Amino acid sequence: DRNGDPLVTTETRKTIWADPANVERGRIGETAATLAPLLGVPAVDLREALGSDSNFRYLARKVDDSVAAQVMAYGFPGIYTLDEATRLKPAGDLALGVLGSVDTENAGIAGVERSLDKVLTGVPGELVRDRSPDGDHTIPSGRRTVVPATPGSTVMLTLDRNLQQVVEKAVADQV
């Protein structure tokens, strides 16, 4: 807001993903059963993801670091983490109609989030992995390079967080 109090912030959270080509075929059921309660995902969905033909499957997005640490402590082959930006609203739904929202990929879809998306977004990072000559499989002992993202800019609005809260409460009381 105009006083520098945050209305929306970005924090990095861990995303758990799998390269099914590197998951031990004989341990898919065990891996799914172990990870399901940690990730809050049904074991049947995890078994399907871990047994798929793709080389990248999300298992759980934007989890707490403690959950990611527990998952990685098991040391299951083919299970990895990546850092992913997450939008947080320290003031809750205050000025929601003005601030707007973002989709799962943090692209602005409404309000200031949409109109200033290019300023707020920055430059995404990338994950580069060696693949087989036919491109169908990741090479397990191959090179994996992560290029970190460049953060976007901060935007200061003319909104006053305290005044906005008083106004929204008064309007809600009248409605």
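Among the candidates LEU99, LEU159, LEU82, which residue alone is touching a residue at least 40 places away in the same chain (Cβ under 8 Å) and touching a Phe, Trp or Tyr at 6+ places or on another chain (Cβ under 9 Å)?
None of the others qualify; the one that does is LEU82.
If you go through the range 105-128 one residue at a time, how many are without any contact (Cβ under 8 Å) to a residue 40 or more places away in the chain, assigned to a strand (DSSP E or B) and under 28 Å from SER54 (Cβ atoms)?
4
When you scan the range 108-125, do you find a residue that is open to solvent by 40 Å² or more (accessible area, probe 1.4 Å), hydroxyl-bearing (Ser, Thr, Tyr) and out of contact with any Gly (no Cβ under 6 Å at 6 or more places or on another chain), even just one?
Looking for residues that are open to solvent by 40 Å² or more (accessible area, probe 1.4 Å), hydroxyl-bearing (Ser, Thr, Tyr) and out of contact with any Gly (no Cβ under 6 Å at 6 or more places or on another chain), one finds at least one in the range 108-125, hence yes.
Which of the residues belonging to the range 129-156 are at negative phi and either open to solvent by less than 40 Å² (accessible area, probe 1.4 Å) or assigned to a strand (DSSP E or B) (or both)?
Within the range 129-156, ARG129, ARG131, SER132, THR138, GLY142, ARG144, THR145, VAL146, VAL147, THR150, GLY152 meet the criteria.
Matching residues to (1) under 27 Å from GLY142 (Cα atoms); (2) at pLDDT below 95:
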position: PRO6; (1), (2): no, yes
position: THR34; (1), (2): no, no
position: GLY51; (1), (2): yes, yes
position: ASN55; (1), (2): yes, yes
position: LEU82; (1), (2): yes, yes
position: THR86; (1), (2): no, yes
position: ALA95; (1), (2): no, yes
position: VAL102; (1), (2): no, yes
position: ASN106; (1), (2): no, yes
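Pairs, please: C-beta under 6 Å, at least 6 apart or cross-chain, first residue in contact (Cβ under 8 Å) with a residue 40 or more places away in the chain and in the range 1-22, second of a type in the set (Gly, Ala, Ser) and in a loop (DSSP other than H, G, I, E, B)?
LEU7/ALA91; ALA18/GLY78; ASP19/GLY78; PRO20/SER52; ASN22/GLY78
I want to confirm something. Restricting to the range 126-175 and keeping residues that are hydroxyl-bearing (Ser, Thr, Tyr) and more than 19 Å from GLY100 (Cα to Cα), which single residue is nearest to the chain's Cα centre (by Cα)?
Here is the first cut: in the range 126-175, the residues hydroxyl-bearing (Ser, Thr, Tyr) are 132, 138, 141, 145, 150, 153-154, 158.
If we keep only those that are more than 19 Å from GLY100 (Cα to Cα) as well, we get 132, 138, 141, 145, 150.
Values: SER132: 28, THR138: 23, SER141: 26, THR145: 19, THR150: 16 Å.
So the residue we want is THR150.
The values are calculated or read from the model by the stated rules, or taken from the named source; none is laboratory data. Note that the coordinates shown come from a computational prediction; the quantities given were computed from them, not determined experimentally. Glycine also receives a Cβ, built like all others from the backbone with ideal geometry; neighbour counts cover every protein chain displayed. Side chains included, ligands, DNA and RNA excluded: accessible areas come from the protein's heavy atoms. Shrake-Rupley method; radii C 1.70, N 1.55, O 1.52, S 1.80 Å.
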